[in-house]
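Chemist: Take a look at this one; I'll ask things after.
Each reported figure results from applying straightforward, stated rules to the coordinates on display, with no laboratory input. This one's a predicted model, so the numbers in the text were calculated from it and none came from an experiment. Please note: Cβ atoms are built from the backbone with ideal geometry, for glycine as well, and neighbour counts cover all protein chains shown.
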Amino acid sequence: MIRVTALCLFRDGGRILVAEEPAAPGQPRFARPLGGGVEQGETSRAAIAREIREELGQAVTSLRLLGVLENLFTYQGKSGHEIVFVYDGRFVDESVYRLPELPIVEAGHASPAVWRSLDSFGPDCPLVPAGLMALLGR
């Protein structure tokens, strides 16, 4: 089954906000911008606003669609396929940009969202989905 998701790139200078997770127990971590699944009857833009409110308790503004990616991946030993709407956005509360990390309030997510510089991503912790780094240049 193909899943439709929406992610938001929150930028602060040369940093972006990401959640880091292992691909499988004992495997290296990967980094992904925040967001999630688009629900039936919901636009990708509305999904971003809902997901960020649910995950961080924050409101977003200035959402701008950067592009759409098709992502084939393996996560925790299972194959996945998703269509990813990638947005650029801002937090309404500007004080968020001064925080080193933000707790994610979501079941099953143990680590916080963190600000990482664009040059910090690599084999030890790649930025996913594939093609996302190219969209960052837009």
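Chemist: ³J(HN,Hα) across the stretch 86-103 via Karplus (A = 6.51, B = -1.76, C = 1.60, θ = phi - 60°), whole Hz, x for Gly/Pro?
Modeler: Each residue of the stretch 86-103 in turn: 10, 10, 9, x, 10, 7, 5, 7, 5, 5, 4, 5, 8, 7, x, 8, 10, x Hz.
Chemist: Something else about it: Give, as ranges by residue number, the residues of the stretch 1-31 whose backbone N falls under 12 Å from the point 7 Å along Cα→Cβ of Leu65.
Modeler: none
Chemist: On to the next question. Tell me, what ³J(HN,Hα) does each residue in the stretch 77-82 have, in order and in whole Hz, if you take phi through Karplus 6.51 cos²θ - 1.76 cosθ + 1.60 with θ = phi - 60° and put x for Gly and Pro?
Modeler: Result, ordered by residue: x, 10, 6, x, 9, 9 Hz.
Chemist: Determine the percent antiparallel among the DSSP beta bridges restricted to the chain, to the nearest 5.
Modeler: On the way: 31 of 40 bridges.
Of those bridges, close to 80 percent are antiparallel.
Chemist: Mind giving me the nanometre distance, one decimal, between the label points for Ala130 and Met1, set 7 Å out from Cα along Cα→Cβ?
Modeler: Between Ala130 and Met1, the simple spin-label model gives 2.5 nm.
Chemist: State, to one decimal in nm, how far the label point of Thr43 lies from the label point of Asp12, with both points 7 Å from Cα in the Cβ direction.
Modeler: Taking the simple label geometry, Thr43 and Asp12 are separated by 2.8 nm.
Chemist: Which residues' amide hydrogens lie under 5 Å from the amide hydrogen of Leu66, considering only partners 5 or more residues apart or on another chain, with H built in the peptide plane?
Modeler: Distant-sequence amide H within range of Leu66: Val86, Tyr87, Asp88.
Chemist: Normalised by the number of residues in the stretch 1-85, what is the relative contact order in percent for Cα pairs under 8 Å and 6+ residues apart? Before the final figure, lay out each step's value.
Modeler: Values: 131 pairs, mean separation 29.0, N = 85.
Rounded, it is 34 percent for the stretch 1-85.
Chemist: Could you work out [θ]222 nm for the chain from helices alone, using -39500 (n - 2.57) per DSSP H run of at least four and dividing by all its residues? Round to the nearest 500 deg cm²/dmol. Intermediate values should be presented prior to the final figure.
Modeler: Numbers: 2 runs with 18 residues, N = 138.
The helix-only estimate for the chain comes to -3500 deg cm²/dmol at 222 nm.
Chemist: Taking all pairs of different Cα atoms in the chain, averaging 1/r and flipping that mean, what Kirkwood radius in angstroms comes out?
Modeler: 15.2 Å
Chemist: With springs only between Cα atoms under 10 Å, which of Val105, Val18, Val84 fluctuates most in a Gaussian network model of the chain?
Modeler: Val105
Chemist: Name the residues whose placed amide hydrogens come within less than 5 Å of the amide hydrogen of Asp93, ignoring near sequence neighbours (fewer than 5 apart) on the same chain.
Modeler: Here Ala59 satisfy the definition.
Chemist: How large is the charge dipole for the chain, taken about the Cα centre, if only the Cβ atoms of Lys, Arg (+1) and Asp, Glu (-1) carry charge, to the nearest 20 debye? Before the final figure, lay out the partial values.
Modeler: Values: 14 positive and 17 negative charges, 51 e Å.
Computed about the Cα centre, the dipole is about 240 debye.
Chemist: While we're on this one: Could you work out how much longer the chain between Gln58 and Leu72 gets when fully extended? Use 0.36 nm per residue separation minus the Cα distance between them, nm to one decimal.
Modeler: On the way: separation 14, 0.36 × 14 = 5.04 nm, distance 2.96 nm.
Here the answer is 2.1 nm.
Chemist: Whose amide H sits under 5 Å from the amide H of Val38, counting only residues 5 or more places off or on another chain, with H placed in the peptide plane?
Modeler: Those lying under 5 Å, H to H, from Val38 are Val4, Thr5, Ala6.
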